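Quick notes on the structure that follows.
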Amino acid sequence: MAISLNESETGDKGEVFRDVRMLFEVLNNLHDAVRSDDPEHDVGGVIELLKRYVVEHFAREERFMADSNYPDYAAHAREHRRIAEIVQAIGFAHETAPDALDFDKILDFLSEWLMGHILGTDRKYIPYVKGEAGDQDNGTGSVNPKSLRKARTVQYTLPAHKADMLEICARALESGDERARELEQVLRELAAHYPTDRIAAVAKDFLKEGAELPALD
Ligand SMILES: [Fe+2]
């Protein structure tokens with residue numbers, strides 16, 4: 001069953017294509033491993049690799065989509081979650097009851113899903129990433145706050161005493177205005193110089209009306 005893909009079929013020549021090629025390679029390795037009697041062919045190891053590449057590839061794609069304000073981000077990400085859960089389930093089933101798995105069906109399902117997703121769903125966001133579609137800039141030099149809200153949900157666990165700081169920064173950044181861009185720049189520079197608690201303190205000062213930008217060592 002070797003499956004393959006031309007670069008032109010993905011509509012992309014960069015990281016996404018390299019990811020997809022790697023996923024196909026892993027699937028072909030899985031095919032070889034389940035067909036082989038050679039104990040060197042480690043089916044469990046290939047499934048682990050598949051689980052890892054699926055997660056990494058989806059995360060990269062979702063970052064591209066969020067950064068380009070792709071309007072169908074949520075539905076696309078749901079497809080990713082579904083296949084990631086299935087791959088996790090295959091891994092679990094292989095660990096607990098390997099003989100119960102029908103790898104013919106599993107490989108058919110995974111290769112069909114991958115081809116369908118890459119040649120269908122994935123192709124729809126490429127024009128947005130390339131800047132050929134979508135409203136990435138409202139023409140005023142600032143980012144549309146609504147599209148920002150839609151673009152990214154970040155979940156962090158942090159000490160309660162820092163939660164107010166994070167909320168203040170998030171609200172400031174969400175506004176997308178000049179102050180937000182300055183804050184983003186300051187935070188990026190600080191991240192290279194200070195531990196996170198120091199960054200929070202400096203950002204808090206910066207957000208006070210009229211505060212001066214901090215001097216970097
Ligand atoms: Fe995708």
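Bear in mind that the values in this text are calculations on the coordinates, not laboratory data. What you see is a predicted model; the values in this text were computed from it and never measured. Cβ atoms come from the backbone with ideal geometry, glycine included; neighbour counts cover every protein chain shown.
Quick notes on this structure:
- Placing +1 on the Cβ of every Lys and Arg and -1 on the Cβ of every Asp and Glu, with no other charges, gives segment 7-129 a dipole of roughly 600 debye about its Cα centre.
- Counting neighbouring Cβ atoms within 10 Å and putting the fewest first, the residues Asp102, Asp37, Asp108, Asp19 line up as Asp37, Asp102, Asp108, Asp19.
- Overall form of segment 19-104 per C-alpha gyration tensor (a/c, 1.5; a/b vs b/c): prolate
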